[in-house]
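Take a look at the structure set out below.
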Amino acid sequence: MGLIRRIAERIDPAPPAKAEPPVETRGADLSWQALAGTHGGFDAVIDGRAMMTPRIAENLAAYSACIAAIAGALASFPVYIYKRGGDGREIDNDHPVARLIREGPNAHQAFPDFLEMLVSETLAHGNGLVEIVSDRSGRIKALIIIPWRNVTPVLLKSGRLVYDVSDINSIYGGTGKMRRLLDSDVLHLRDRSDDGLIGRSRLSRCASPVRAGIAQESYGAHIYENQAAPGGILSIKDEVTEEEVTRLLTNLKEVWQGVRNAGEVALVTGSAVFTPLNITPENLEMISARRFTVEEIARIFQVPPPIIGDYTHNTFTNSQSAGRWFGQFTLMPWVRKLEETIRRSLFSESERATHEIEFDMTSLLRSDPEARWQAHEIAVKNNILTANEVREVEGWNSRPEMDGTPPGELAEGMT
């Protein structure tokens, strides 16, 4: 096969005036065309239109809200490292990964901040990369997220995937030089992949709704910024010179154009006749189009519209259902993906047989005390938990007089 080609241009926050050509390309494989984080790949060439990038898409409220909802919810879950034994499993607070969860994965981030950034990178670019920093003994001492726009993946002839990283001057330091990280040196979180190696962003798969939303926002802004109210056609029966037309148009703009002049009275003299057009955003069905765009973007990320603030078709009942749907069909797949990616990347081969990581999704019930206590009651009645274990879950100290009490009596006391 030879050395698989290094893909995609390197994207800088402020691109140079003259774009440099990509180093190499790999046929028409879309997942490899979209390697450089901010490049859209597939959507970059549709109908010759301008490329849609995550940086541009973030200007759309629905797009940013979907990413924020998923990343924020995942970052809010408590995360535990368990060690399995003959009698079951117990929390292992001494594990290096547990220490990073408790104290922070690096000098600048708490674990929720780290997790929110990692998931946001993956949702926006299809890939999130974390450098694993270890001490001389191989013990993990830090985890540092590398922005995907500074990464060029390379598939070696041996079949091993490596990552050429361009360090930048940031809060972490950096020299601006290129260095290579092996697959064993990183944690690579992927969105759905086409080849099992590189993830593809939702934006690269379905850019049209986002592009339409950006166009609607831009068009609406131009209507309000440049509208001339009353709007219409100015007809002049007599012959006029070019200078008179220019002077008339200038006066019209000064008097009518802009938000501050909206609604001003129009005064037309001489043989000029003004015919209002009465074009409004409502006439253009912009409002319904924008609502549909919000729903389309929510579908791309599998987020129920009420979660991102779209209450158009919402009631209190289906709002509760939307929360459960969000947890089951949106967050659960990402929880499983995160658990397995962390286990494979941060646990040694021997630890994978004895340790596991778990995101505690029961915290979703924190905001619903009625459902939470009903679940406790069922657990106590069926002898799954004791009252003191329920108190521990709720953050209260145990009460010795409750030990050994029959489950039925405990349940009665709770109700």
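Just so you know, all these numbers are worked out from the coordinates, no wet-lab data involved. The shown structure was predicted, so the numbers you read here are calculated from the model rather than taken from an experiment. Heads up, the Cβs are rebuilt from the backbone with ideal geometry, glycines too, and the neighbour counts pull from every protein chain shown.
Between residue 103 and residue 244, what is the spin-label point distance in nm, taking each point 7 Å from the Cα along the Cα→C-beta axis?
Result: 8.5 nm between the two label points.
By how many nm would the segment from residue 340 to residue 255 lengthen if fully extended, with 0.36 nm per residue of separation less the alpha-carbon distance? Working shown, then result.
Values: separation 85, 0.36 × 85 = 30.60 nm, distance 6.41 nm.
Taking residue 340 through residue 255 to full extension adds about 24.2 nm, to one decimal.
Could you tell me the calculated FRET efficiency between residue 354 and residue 184, based on Cβ-Cβ distance and R0 = 30 angstrom, to the nearest 0.05?
After rounding, the FRET efficiency stands at 0.90.
Under the 0.36 nm per residue contour assumption, what length would be gained going from the current alpha-carbon distance of residue 328 and residue 393 to full extension?
21.2 nm
Fully extended, how many nm does the chain gain between residue 91 and residue 156 (0.36 nm per residue separation, minus their Cα-Cα distance)?
19.5 nm
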